[in-house]
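Bear in mind that the values in this text are calculations on the coordinates, not laboratory data. Bear in mind that the values here come from a model prediction, so they are computed numbers and not experimental data. Counting neighbours? That spans all protein chains shown, and the Cβs are built from the backbone with ideal geometry, glycine included.
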Amino acid sequence: MTVDQVGIANLPNQRFKIVSKEGATFTLMVAGESGLGKSTFVNTLFQSTLKTPVDNKARYKRGIHATVEIEVTRAELEERNFKIRLNIIDTPGFGDNVNNKDSWQPIVDFIDDQHDSMMKQEQQPARGDKKDLRVHACLYFIRPTGHSLKPLDIEVMKKLGTRCNLIPIIAKADTLAQKEMNEFKSRIRQVIEAQDIRIYTPPIELDDQASSDHAKSLIESMPFSVIGSGEDEIEVAPGQFVKGRQYPWGIAEVENEDHCDFKKLRSLLLRTNMLDLILSTQELHYESYRTLKLESAETGSKRSRRLHNPKFKEEEEALKKYFTEQVKAEELRFKQWEQNIVTERHRLNKDLEEVQATIKDLEEQVKRIQLGKK
Ligand code: GTP
């Protein structure tokens, strides 16, 4: 498959050298609720039928749940003799079940497993060709409700954002008016910030002003709104075709920037930021995973070493003895204190009885005096 302007050839020289030796592997994941147009979007992005989308009506009529397990599709892009091995990971849509955790947990596990597999391969003595399916970008599809993010979205996005470059997407942009879309975007941005969800942000400190400005405009448009279309293009004028969705009121065009952010997203993924996505996966997400894994392995092995070392065993016994004695001493102190309270109460009761007897005496004396007076 050949796609014009894939982008690697446009990269700054230094970074270009890093990848040009062996070409590049780029892994893109799509995730989100079912029926939001993930498969359709993949086909629109690569201008080819890589995935077979299932029509909503058909799926409900026939009980079809389009993507039922994690599917990996491989393709090769080529630009001026430069090859990109492309992996597209389509995930089952979720949100239909009572317990949705069952449907999104495998997605999170899949990302972790790829980091894990890379760690294991790096530990092998012969570090030849590696099988690398680490996710460089995960497009998270948000339902175009016009309200805000759902608790389920927040939960899943939090998990994904700490594991890979998460790019939130508003699906089916043709179903919202421009004003509704702007308000929806701003509410989503607020929730992302308030909930501390980590999303991918293109770097803006770049060598030239034009690239910096482009990166800023990408950030301002996030979360990107997209429209997915079928393979057939629509003829808008004799001999002039566009990708889009035809409605009685007009055409929602995929590549029209007034209709959605498809072009910006395609540029980010396949041109300006592909290498940054690849490198940040290695330098940020993979390294964090590796450090965490090594640290927990270290803590685990230290604990087990301590448990099996006779010297630590003696120390542990001595500590146990010390604490048992401390507890016993405290118990004794508490018992004595309790005893003191009992004794004191006895004394107070006695005093009270004496006072009551004196009062009784005095009352009788008063009575006698009063009788004597009469
Ligand atoms: P799962 O595999 O179940 O997760 O579904 P999916 O997210 O892959 O959705 P799919 O691509 O199968 O599309 C579902 C339906 O939505 C199809 O009928 C598509 O034609 C339709 N669809 C896809 N993209 C758009 C869009 O941008 N706008 C509108 N209005 N409909 C769309």
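Pull out a ≥ b ≥ c, the square roots of the eigenvalues of the alpha-carbon gyration tensor of region 165-257, then state rounded if a/c is under 1.5, prolate if not and a/b is larger than b/c, and oblate in the remaining case.
In terms of gyration-tensor shape, oblate.
Starting from the 7 Å offset along Cα-to-Cβ, what nm value, one decimal, do you get for the label separation of LYS263 and PHE241?
So the two model labels end up 1.9 nm from each other.
Within the set LYS120/LYS158; LYS83/LYS150; LYS83/LYS264, which residue pairs have Cα atoms separated by over 31 Å?
Pairs exceeding the cut-off: LYS83/LYS150.
Along the positive direction of the dipole of region 311-374 (beta-carbon charges: Lys, Arg +1; Asp, Glu -1; about the Cα centre), which of ASN340, GLN365, PHE323 reaches farthest?
The Cα lying farthest towards the positive end belongs to GLN365.
Let's see if you can work this out: charge +1 on each Lys and Arg Cβ, -1 on each Asp and Glu Cβ, no other charges. What is the dipole magnitude of region 217-272 about its Cα centre, in debye to the nearest 20?
220
If a/c stays under 1.5 just call it rounded; otherwise compare a/b with b/c (prolate if a/b is bigger, oblate if not). Do that for region 128-218, with a ≥ b ≥ c from the square roots of the Cα gyration tensor eigenvalues.
Judged from the Cα gyration tensor, region 128-218 comes out oblate (a/c at least 1.5, b/c at or above a/b).
Could you calculate the contour length gain from GLU183 to ILE204, that is, 0.36 nm times the residue separation minus the distance between their Cα atoms, to one decimal place in nm?
5.1 nm
Taking a ≥ b ≥ c as the square roots of the Cα gyration tensor eigenvalues, with a/c under 1.5 meaning rounded and otherwise prolate when a/b beats b/c, else oblate, which class fits region 311-374?
It is prolate, given that a/c is not under 1.5 and a/b is the larger ratio.
If you take every DSSP beta bridge fully contained in region 108-259, what fraction is antiparallel? Give it as a percent rounded to 5.
50
By how many nm would the segment from GLN190 to LEU152 lengthen if fully extended, with 0.36 nm per residue of separation less the alpha-carbon distance?
Between GLN190 and LEU152, full extension yields an extra 12.0 nm.
Hey, rough spin-label estimate for TRP249 and ASP113, points 7 angstrom out along Cα→Cβ, what's it come to in nanometres?
Taking the simple label geometry, TRP249 and ASP113 are separated by 4.4 nm.
Determine, from the Cβ-Cβ distance of GLU283 and GLU330 and an R0 of 51 Å, the FRET efficiency 1/(1 + (r/R0)^6), rounded to the nearest 0.05.
So the FRET efficiency works out to roughly 0.45.
Which residues does the label zone of GLU71 cover in region 21-42, counting backbone N under 17 Å from a point 7 Å along Cα→Cβ?
In region 21-42, the label zone of GLU71 (backbone N under 17 Å from the point 7 Å along Cα→Cβ) covers 28-42.
ALA357 to ALA318: FRET efficiency via 1/(1 + (r/R0)^6), r the Cβ-Cβ distance, R0 51 Å, to the nearest 0.05?
Computed FRET efficiency for ALA357 and ALA318: 0.30.
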